[in-house]
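Any read-out appearing in this document is the output of simple, stated calculations on the displayed coordinates, not a laboratory observation. It should be emphasised that the depicted structure is a prediction, and the values quoted were computed from it without experimental measurement. Reconstructed Cβ throughout: ideal geometry from the backbone, glycine too, with neighbour counts over all protein chains shown.
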Amino acid sequence: MSRRTQENLIALAILCVFIGVIVMSLGYGPRARMIPLPLATFGIILIVIQIIWQNLRSTEELQVNLLDVLTQQAEKEGAAAQGGEDGPKRTSSWRKEAVALGIVAALVGLILLVGPIPAVFVFTGAYFLLSRHYSWLKGLVYTIAFTAAIYLLFVVALEVQLYHGVLEPLVERFR
Amino acid sequence: MLEAIASGLAALLTPQAILFMVIGVIYGLIIGILPGLGGVVAMALLLPFTYGFEPAATLALLLGAHIATVWGDSVTSILFSVPGSAKGLSLCFDGYPMTKQGQATRALAASATGALLGGVIGAVFLALSIPLIRPVILALGPSEYLMMALWGLTIIATFSEGSLIKGLTASALGVLVAFIGMDVVTATPRFTFGSEFLMDGISFPVAMIGLFAVAEMMKLYLKGTSIVDRALIKEVSTVWQGIKDAFRHWWLVVRSSLLGLWIGVLPGVGASVAGLAAYAQAMQTSKNPERFGKGAVEGVIAPDATMGANEGGGLMPTLAFGIPGGESMALLLVAFIGLGVVPGPEMLTKNLSLVFSMVWIIVIANVLVTLIGLAICPYLARLPTLHANLMVPTVLSVCFVGAFATRGHIEDVVVAFVFGVLGYVMDKYRYSRANFVIGMVLATMIERNLHISLTLHGEFFIFTRPLTLILFIFVIVTTALPFIRNRRRKKAQAAQAGTQGGVA
Amino acid sequence: MNIRWKALLAGLLAPGLMGVSVPAYSQSDFYKDKILNIIVAGGPAGGHTRYARLIGPYLQKYTGAREVRITNMPGGGGLKAANHVWRLKPDGMNIFFGNVATLILAPLAGSPGAQFEPGKFGFLGRATSEARFLTVGGKSPIKAFQDVKKLNRPFVYPSQGTDEDFYTMAVLAHALGFQLKAVTGYEGNADTALAVIKGDGDGHITGWSESQGAIKAGDKRPILAIASKRHSDYPDVPTAEELAPADQKSLIRAIVDINETHRSYIAPPNTDAQATAAFRAALKAVMNDPEFIEETKKGNRPVSYMDGAQQQKVVAEITKAGANLTPILKDAVKAIQ
């Protein structure tokens, strides 16, 4: 997907949000919709201008290299310089992005399933293990120490009542 | 008065009070560093242990903890671009770039010193302005708050990173997100899709954790190394540099502190607005605003000074009227009543030494925080050099547990995730996250005060209330200024000007 | 002194450990060595939490529970916690502590946030009920309640939203015969109090403790007590019922009764009878404990106990009597939309 297509997709998604807001606002009383309605209309105007504008410009101006986004250097670099390195790099960055999303989703999923503290333990341990950054022993020690620290801080010192995960009722049934 | 100042200090010089202050400050620092938790949590947890102690010691514990949380928030913003609350957001803009340039120690030291100076200036002016404060609070009302919130919106232009259209779009989205939930003005559930959880709206700290912390960790994973690679960028700065920076920009510090005190005094205006206003103020008054956002030390000093002073200002409505200015002050009020002290104007006559004890606590707690901070900041500055494989799992874990801990709702973990993805996408496609948050912070303030003004003063309230009209003109003038300046700068840069200027 | 120090340190490090050594004086062993969870409506800074934390250790003493946990559940002005408890397993291990007035008024007004029937909860006893007052600004031309009717314009009432006070105000206006203009959107009690002091609004309803300071300083003036009898601090302030015309007295009584149900312990519907009895007995013992009474006096946090069984009856009655309020409450909500 070219940068322009991506930008257009994002803009269209935002357009849909604004339209959705207008549709929902129409169901509210005059005072409740007093600000959302005009604001969403204003938003639609903005995003339509944005869509037109970004499709009129040349492709080079839209090129933003991923690494530049990370280091926030993009403004300084001339856009033309990156014109060439499109193809292979972008596909691999797509895959990496999907992995990054997967990692975060995995942690959230774990928390929902087994509750925060066990999730932290499993997630950190698995991450250390899979990344092979540390030896498994060192990784395990770090995991235990980290989980204990989280437990001490949040549960003991801050008295946070923890969520036990959707699996808990199942476990209880078999006990 | 002098006598009260002295006896206020003397009450704090007992071993008990000093120990309590130290405990409070350390406790507050830890809570402040954890994302999503702030001063209210710190004070609420300490409150049960305060009954039966002498007033000065109790206040030292509570206020000390509260003040320490403020700087804790700045630390994570500067080092990882992880603001624990809306207050810390403005520290990300310049603090984080400084970290990336190997100036983390300097940024931390400047921020700690800025907070100290802000706290002290705030406390001094607090003491001086005690007699003036009632008329000031009484002069301002919802219509004036509305104007202040509108003024806050003018910061949007500042953070628009090149595209004003995208910047405005991001703000509009932020405002709409803030409207999710039960609308208190009309008792209408808006954009909740029938969900009971969404009736309470999106929690600020949780949204911030997602937009910034989670998104930054995703980026760090993609980068694959550490935030700062010491092989490429050496830590070049020292603590001393940061301290000097704060004193060198003394006029900025004074201005920011007074702004913070002022915002703190107004019951309807939150501290999250204070940090953003301070940043905008620093930038608009700077001689070279183009350095902002790329690691200007002023962008670190100003918000910290403002937030340091803000806490002192928050005491004012409590002291002057016996009504708490915010949730943390509500807790302080509880402690007062527990101590048998009836807060209110009476305090200024009968308990003046206790009032000055509080002023002293603010000063001493700030000094303590700064001393501890300056001592540990060279060590803290090493944290960003940790490898991504260590940072990503640990920071993500702390963030999601923190998101859960803010309200104890498991749904908030999902909200943090959604905002994490949103933050990543917005960052990648240059829809300013800062603008999104500004919209979110100001939305309810604008909507509520607009409705109140319309109901109380009618449709033409801007013109019937002189103070409102003055502020309105002020808003228009200051909005126009950056554009005029921008255009001049663009002209100077001649060649690149082109299409973007036309949008304004 | 020494013990308090240790308590503070222990509390900072490991609050969970604190209660282990407390001996059990329980009349029933139902809760013995179990973990009792108290779900408090509102955030850690709220008034409910303060009371729950004050009573917690004593409840532990008299139930013999291993631990009494306080869990905050903020949101929806207390409705979120109520909805949550409505769906909980009725094993008596999770008890709700919150404002009964909210539970009764929100369904009466048809609030979309209320997903329960108040009468079906198990009421375990009231811990406290604070007198509430209609207060006006110190500089207001309204010196006594009679002046409200002479305004020749609606009484401007700054409000945070549709909370108990908002509903109470609507009923007062209807029963006492004055015009009301509610201004919603204020951010918390501080904001509304300031509006009243400034004169932007005419008056609002506050609790006895939160308005004490402002009244003493002359910034605010109580003109009406929303209570069944006059308050000893303000003997000249009449109650709403005294001023109501004969045919409206029942309405006023209903809303006053609802307000006076206040801070109570509440169990999910159909809770285990043994648990209900054990909890009610323990709460009664707490409320009669001299040490506890001493502590409430020192902390300036008055208690007024009502027995659980009695409260159950009272709630059933006022829920029925309160049905007359529904049209008034619904009109009030419609007026702000």
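With neighbour counts taken as other beta-carbon atoms within 10 Å, the residues B:D412, C:D331 rank, fewest first, as C:D331, B:D412.
With the largest listed first and rounded to whole Å, the semi-axes of the equivalent ellipsoid of the protein assembly as shown from the Cα gyration tensor are 45, 33, 30.
The dipole here belongs to the stretch C:132-257: it is taken about the Cα centre, uses +1 on the Cβ of Lys and Arg and -1 on the Cβ of Asp and Glu, and is about 460 debye. Among the lysines, select those whose C-alpha is under 23 Å from the C-alpha of A:K96, and discard any that sit fewer than 8 residues away in the same chain. In chain and number order, the partners are B:K100, B:K219, B:K223, B:K428. Computed about its Cα centre, the charge dipole of chain C is approximately 240 debye, with only Lys, Arg, Asp and Glu carrying charge at their Cβ. Amide H contacts under 5 Å for B:V82: B:S77, restricted to partners 5 or more places along the chain or on a different chain, H placed in the peptide plane at 1.01 Å from N.
Normalised by 2.2 N^0.38 Å, where N is the number of residues, the C-alpha radius of gyration of the stretch B:11-53 stands at 1.25.
Computed from Cα atoms alone, the Kirkwood hydrodynamic radius reported for the stretch B:373-419 is 12.4 Å. Placing +1 on the Cβ of every Lys and Arg and -1 on the Cβ of every Asp and Glu, with nothing else charged, gives the protein assembly as shown a dipole about its Cα centre of roughly 1300 debye.
Looking at the protein assembly as shown, the DSSP beta bridges with both ends there are about 60 percent antiparallel.
Report the equivalent ellipsoid semi-axes for the stretch B:345-504 in whole Å, largest first, defined as the square roots of five times the eigenvalues of the gyration tensor built from alpha carbon atoms.
Result for the stretch B:345-504: semi-axes of 36, 34, 23 Å.
For C:K34, the lysines whose Cα falls under 25 Å of its own Cα, not counting residues fewer than eight places away in the same chain, are C:K61, C:K89, C:K284. Once the mean of 1/r is taken over each pair of separate Cα atoms and inverted, the stretch B:169-320 shows a Kirkwood hydrodynamic radius of 18.7 Å.
Scalar couplings 3J(HN,Hα) for the stretch B:381-386, obtained by applying the Karplus form with A = 6.51, B = -1.76, C = 1.60 to θ = phi - 60°, are 5, 7, 4, x, 7, 5 Hz; x denotes Gly and Pro. For the stretch C:132-257, the ratio of Cα radius of gyration to the globular rule of thumb 2.2 N^0.38 Å stands at 0.96.
Helical content alone sets the calculated 222 nm signal of chain C at -13000 deg cm²/dmol, taking -39,500 (n - 2.57) per DSSP H segment of four or more residues and averaging over every residue. The fewest-to-most ranking of B:L456, C:L105 by surrounding Cβ atoms within 10 Å reads B:L456, C:L105. Computed over neighbours whose Cβ is under 13 Å from that of B:S256, the net charge equals -1, Lys and Arg +1, Asp and Glu -1.
Once backbone amide H atoms are built at 1.01 Å from N, C:K220 has C:G138, C:I215 as its partners under 5 Å, excluding neighbours fewer than 5 places away on the same chain. Exposure proxy for B:M98, B:M148: other Cβ atoms within 10 Å of each Cβ, ordered fewest to most, give B:M148, B:M98. The count of lysine pairs in the stretch C:132-257 that are at least 8 places apart or cross chains, and whose C-alpha atoms lie under 16 Å apart, stands at 10. The HN-Hα couplings worked out from phi for the stretch B:409-414 by the Karplus form 6.51 cos²θ - 1.76 cosθ + 1.60 (θ = phi - 60°) are 9, 5, 4, 5, 5, 5 Hz, whole numbers, x standing for Gly and Pro. Mean residue ellipticity at 222 nm, helices only, chain B: -23000 deg cm²/dmol; runs of at least 4 DSSP H residues each add -39,500 (n - 2.57), and the sum is divided by the number of residues. Computed from the C-beta positions of B:E54 and B:E3, the FRET efficiency with R₀ = 22 Å rounds to 0.70. With Cα atoms as the point set, chain B shows a radius of gyration and Dmax of 22.2, 71 Å. Residues whose amide H lies under 5 Å from that of B:D183, counting only those 5 or more places away or on a different chain, are B:T188, B:R190; hydrogens are built 1.01 Å from N in the peptide plane. Against the empirical 2.2 N^0.38 Å (N residues), chain C has a Cα radius of gyration ratio of 1.03.
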